[in-house]
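Read through the structure below, which is laid out as structure tokens, and then see the notes.
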Amino acid sequence: MAGSPRRTAGRRLQLPLLCLLLQGATAILFAVFVRYNHETDAALWHWRNHSNADNEFYFRYPSFQDVHTMIFVGFGFLMVFLQRYGFSSVGFTFLLAAFALQWSTLVQGFFHSFHGGHIHVGIERLGRLSCCSWPCWRWCYLASTSLCSLVSSGVLYRPQLEKSKHRQGSVYHSDLFAMIGTIFLWIFWPSFNSAPTTLGDGQHRTALNTYYSLTASTLSTFALSALVGRDGRLDMVHVQNAALAGGVVVGTSAEMMLTPFGALVAGFLAGTVSTLGYKFFTPILESKLKVQDTCGVHNLHGMPGVLGALLGVLVAGLATHEAYGDGLESVFPLLAKGQRSATSQAMHQLFGLFVTLIFASVGGSLGGLLLRLPFLDSPPDSQCYEDQIYWEVPGEHEDLAQGPLRAEEPETRA
Amino acid sequence: MAGSPRRTAGRRLQLPLLCLLLQGATAILFAVFVRYNHETDAALWHWRNHSNADNEFYFRYPSFQDVHTMIFVGFGFLMVFLQRYGFSSVGFTFLLAAFALQWSTLVQGFFHSFHGGHIHVGIERLGRLSCCSWPCWRWCYLASTSLCSLVSSGVLYRPQLEKSKHRQGSVYHSDLFAMIGTIFLWIFWPSFNSAPTTLGDGQHRTALNTYYSLTASTLSTFALSALVGRDGRLDMVHVQNAALAGGVVVGTSAEMMLTPFGALVAGFLAGTVSTLGYKFFTPILESKLKVQDTCGVHNLHGMPGVLGALLGVLVAGLATHEAYGDGLESVFPLLAKGQRSATSQAMHQLFGLFVTLIFASVGGSLGGLLLRLPFLDSPPDSQCYEDQIYWEVPGEHEDLAQGPLRAEEPETRA
Amino acid sequence: MAGSPRRTAGRRLQLPLLCLLLQGATAILFAVFVRYNHETDAALWHWRNHSNADNEFYFRYPSFQDVHTMIFVGFGFLMVFLQRYGFSSVGFTFLLAAFALQWSTLVQGFFHSFHGGHIHVGIERLGRLSCCSWPCWRWCYLASTSLCSLVSSGVLYRPQLEKSKHRQGSVYHSDLFAMIGTIFLWIFWPSFNSAPTTLGDGQHRTALNTYYSLTASTLSTFALSALVGRDGRLDMVHVQNAALAGGVVVGTSAEMMLTPFGALVAGFLAGTVSTLGYKFFTPILESKLKVQDTCGVHNLHGMPGVLGALLGVLVAGLATHEAYGDGLESVFPLLAKGQRSATSQAMHQLFGLFVTLIFASVGGSLGGLLLRLPFLDSPPDSQCYEDQIYWEVPGEHEDLAQGPLRAEEPETRA
């Protein structure tokens, strides 16, 4: 089954070749450029003569394990909601995250810890580094699993996708697996947002704002989901996704003096917008705009992301020396130096939003075109959301329903 | 299906209105009272001029992520054992925990960090704060999901609940989901118990005692479960619940000089009592006392809790200046000042147990009566333990059992 | 069903007696030997007069929670892949880990914190201690669940095991549960490897090398799995297991100056060897050598472990004063003192491998013979991989597939 001999042979070589090539290239770059940093190299360890307590390795926030739990468990399981795409979701997230972590060592290292001709790496900075790998692996993941971004979706439209419609929903237990993803994402989103911030109050503020925003988006998601649901029923898709919109919406402004109240309002709005998006906008996207957005990237990352950028514009425009004190220097250095007014900072932030949207459109379109290349051998419309194309899927000869064991029954009656 | 138009309309508005009202009230209180603390406010950050290392944000034990993992993952999944109540268990825990975390900021803040007319909040104290939200959200959760407390159950007795009996059990995979809850609760219970203790040795001791007590209750649960099981078989309900009784039983005394041996004994007894409770007492509770205790709150929290209070009386009564040294001041301040004898301290603890039981009885009865209010529209006896009342539940047209893909079959044969 | 009256009675008493005896003996040893250490004892707490910040309890790497998550969640769920052995996998791991943690307090305590006639315990050292319990509980686990080690398997060969063959595979959701295990093992393997290392650079290096090795073994596992898979399909068994071989292979050498590039190469080779082992070697083991290695211990722990020992020989043989600087003293103390050459150190490491293999062979054979003792009442060949022998397994009268609720239907139509 599953394809002509040529297609099968292509598939057998495609993933292995890609993995081997990428791993080979990365390994060579590692050999040439990557070295242990001062905390990791035996010859350079600089606390050697200090007391025993100084040699202890304490967890800095966010730890790399926080970020890995968020990426591997969180995103890995979030997409398991599709009834026949669980292996692909959790498996390909695993593969791509592992590669992205290697790659982010190189990319981040060149920008932040390159000196003397080498990238210097250590485990303590890995939390931040892993976080920065997120845009990279996220894009890879979305593109590669055909759960595509909005713009590329237009390019990739599959007119006969209704042939796979019966697999596009969830089943009872697949929704519970997805909740594992949601909950770990919720718990570790404050770690994720605060990874690229400056140390000190900025990091504390980012974590706290993200956290309050998430609590509010959870409440508004439940409220809106019941309000618009059939017979007032809640929808698992909303809870699994829109509850996290509070983490997205403060992505830009969480480091600013948003105030706890501001974080609640932002989160509440994001949860509302995202839930309404899943209910009303996704069907329109598909029927009118020919965009198939299976896992609702537009509703969880798109709209709350744009909303968050606008919130950043607003909060930046309201920044004063009084509110930030000496801290203005670390959040808005140009404001602190008097080289820019708050209004001008706000305008710069707004311009940044447009640049991001243009990059996303162009990048998404190119990505979409790339995925249409014939040698990439994308599955036919009738086989989307189906693990069996890529995975050995176990047959279902389980004897769960058979009650007592039959094998020993004669012995029992003897 | 599922109800008359009036009932449906009521349900559509009930949860949204409740969420919106509560979130609105909390947001106003946040706007008026809640401010960033010194570690979080840009203008107040007091380590600005210090070295870079001082600006690092290290994880203090217990971290807020420990406690969130325990609450959201632990309690969320523990109740997924019911075959058709998984969405409600994990979903409503999610909603109520999110709200309780906001509310605990206000309640705890008024008691512990209110000065200058404001509550001062920061992320580092959130571990303790989240823990303190536990009694609040736990009550909400139990009440709202009708997995009710003992006293209120008497008030809420449903004579025809056997109509829902077929959904009261578990299925194979729902029991495995519940084990995710159990294991994360087990891992993070030491964090939870040590959150409200004083810093220093008290916190270390609490974590260590809790940990040894949990190992012992796990062993006694397996021993007793096999001993009383049909054909010597283990029961998942016991393992999922009674194994945690060791965390409950040292709740009062873990900060005291219980000794590691004492913790083992306490945990072993708690696991034994709890397992026997599930096996023998729950059926009597239901048939004789008309109390329906679906998830065994009485066995996991009730009896081990009372046992733990008595253990606290005992250990307090044995407290000496010799055993505690200077540490007596932080554990039993009145003893250290000579204002109270050890026996008198023990009597005060015993009195505390009775006060708690009276509060629980009155509170539970009031809660039960509240839940009988007609506008709360509780489900009929035949529809208990059923997600479909509150949730869109996916249909089960999964083609798991179909083996190879049919769509491409012709192509394969070509 | 399930056995004659005598067998049933034996089973009813076997596990309870074992648990009670072991717990009783351990409790007595705790009473005699185990005391709180200086950080935990109220009378001995030595930071009492210091500032408040000194009393804070910060997380040291690895925390005991890291290690518990790895053991309980990781190994507990990894073996849930067997369709009818999930309760046993997660349940017996739970039981054995709980006991091993008590036992490791005693064993490790005698070696590392025994003075004045007592073992001194504290929560901060528990991460290391829990790790050291691993070999102990791992052996217990493997032996007790008949997922046996290679050598003992030969002794335990079950010629009629094909009668249980239909339960030896996975089902769709059991594979997803197993991925929870895999991912948490992956995230916390760096913690696990770095637990027994010396503090300072050695610990940082161990964590970082383990981490890079794991990323590489993940990539090579996917590459090889697709390359050798039927129609180029990936196999969940490979992803669940071989992706972790990178953690095993650097077990010996991660503390050495392996370099990040070296870690990538080691991980890639380990993933390759392990995947090929699952595909080609396991069937030969069973058919030719009469060894039944259900969960592929040989492929994940055996071959990558031996490969890792040889890698340790190589890296030790290449050690120079130049590469390690002053750090040579903590990694290779005898080299630093000039009492041993690098080549001689390498030979000692090689000799260690042979000693380990001999111990494993003898220990495994004895373990296998022990398990054949008639009173241990091991299940017949036809009932292997079956929870129902040890557990009450819920019947499958779930009404998942019934769509809308029937009970209220008349009311709806009214």
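The values are calculated or read from the model by the stated rules, or taken from the named source; none is laboratory data. A quick note: this is a predicted structure, and the numbers were derived from the prediction, not measured. Backbone-built Cβ (ideal geometry, glycine too); neighbour counts: all protein chains shown.
Annotations
- Which listed residue is of a type in the set (A, V, I, L, M, F, W, C) and closer than 30 Å to A:G86 by Cα, from C:V306, C:V291, C:V248, C:V331: C:V248
- Of all the listed residues (C:G232, C:G202), the sole one being on the phi > 0 side of the Ramachandran plot and not charged (D, E, K, R) is C:G232.
- Verdict on A:V237 being surrounded by fewer than 24 Cβ atoms within 10 Å (Cβ to Cβ), in contact (Cβ under 8 Å) with a residue 60 or more places away in the chain and of a type outside the set (S, T, N, Q): yes
- Selection within segment A:381-414 - more than 10 Å from chain B (Cβ to nearest Cβ), modelled with pLDDT of 70 or more and over 18 Å from A:S164 (Cβ atoms): A:E392
- Any hit, segment C:105-115, residues being at pLDDT 85 or above and not in a helix (DSSP H, G or I): yes
- Residue check for C:N241: under 18 Å from A:V34 (Cα atoms) and touching a Leu at 6+ places or on another chain (Cβ under 6 Å): no
- Breaking point among (1) in a helix (DSSP H, G or I); (2) more than 24 Å from A:P16 (Cα to Cα), for C:P196: (1)
- Tally of residues being over 21 Å from the mean Cα position of the chain (by Cα) and either more than 9 Å from chain B (Cβ to nearest Cβ) or not in a loop (DSSP other than H, G, I, E, B) (or both) across segment A:221-242: 11
- Cβ-Cβ under 9 Å pairs, at least 6 apart or on other chains, segment C:160-175 side facing chain A (nearest Cβ under 10 Å), far side among the β-branched types (V, I, T) and part of a helix (DSSP H, G or I): C:S170/C:V80; C:S170/C:V237; C:S174/C:V80; C:D175/C:V80; C:D175/C:V237
- Condition met for A:A216 (farther than 21 Å from A:Q292 by Cβ, crowded, with 23+ Cβ neighbours inside 10 Å and modelled with pLDDT of 90 or more): yes
- Residues that are among the polar types (S, T, N, Q) and at pLDDT 80 or above number at least 2 in the following helices (runs of 4 or more DSSP H) confined to segment B:325-380: B:342-371.
- In segment B:288-304, the residues that are closer than 23 Å to B:D381 by Cβ and either within 17 Å of the chain's Cα centre (by Cα) or polar (S, T, N, Q) (or both): B:Q292, B:D293, B:T294, B:C295, B:G296, B:V297, B:H298
- Odd one out for B:P196, checked against (1) more than 9 Å from chain C (Cβ to nearest Cβ); (2) crowded, with 24+ Cβ neighbours inside 10 Å: (2)
- Summed over segment A:381-390, the residues that are buried (at least 16 other Cβ atoms within 10 Å of the Cβ) and assigned to a helix (DSSP H, G or I) give a count of 5.
- One residue stands out among those in segment A:305-344 that are without any contact (Cβ under 8 Å) to a residue 60 or more places away in the chain and under 25 Å from the mean Cα position of the chain (by Cα): the one that is farthest from A:A360 (Cα to Cα), which is A:V313.
- Within segment C:56-80, restricting attention to residues that are of a type in the set (F, W, Y) and over 18 Å from A:F72 (Cβ atoms), the residue that is modelled with the highest pLDDT is C:F64.
- Residue that is nearest to B:L264 (Cα to Cα) [pool: residues in segment C:79-124 that are among the hydroxyl-bearing types (S, T, Y) and crowded, with 21+ Cβ neighbours inside 10 Å]: C:T105
- All conditions but one from (1) at pLDDT 85 or above; (2) touching a Phe, Trp or Tyr at 6+ places or on another chain (Cβ under 8 Å); (3) within 30 Å of C:S225 (Cβ to Cβ); (4) at the interface with chain C (Cβ under 9 Å from one of its Cβ atoms) apply to A:L126; the one that does not is (1).
- Applying the set (1) more than 7 Å from every other protein chain (Cβ to nearest Cβ); (2) in contact with a His (Cβ under 9 Å, 6 or more places away or on another chain); (3) at pLDDT below 95 to C:D201 leaves exactly one unmet item: (1).
- Number of residues in segment B:279-304 that are touching a helix residue (DSSP H, G or I) at 6+ places or on another chain (Cβ under 8 Å), of a type in the set (S, T, Y) and touching a residue at least 60 places away in the same chain (Cβ under 8 Å): the value is 0.
- Answer residue from segment B:299-340, given it is under 26 Å from C:R35 (Cβ atoms) and of a type in the set (S, T, N, Q) and is surrounded by the most Cβ atoms within 10 Å (Cβ to Cβ) among those: B:S330
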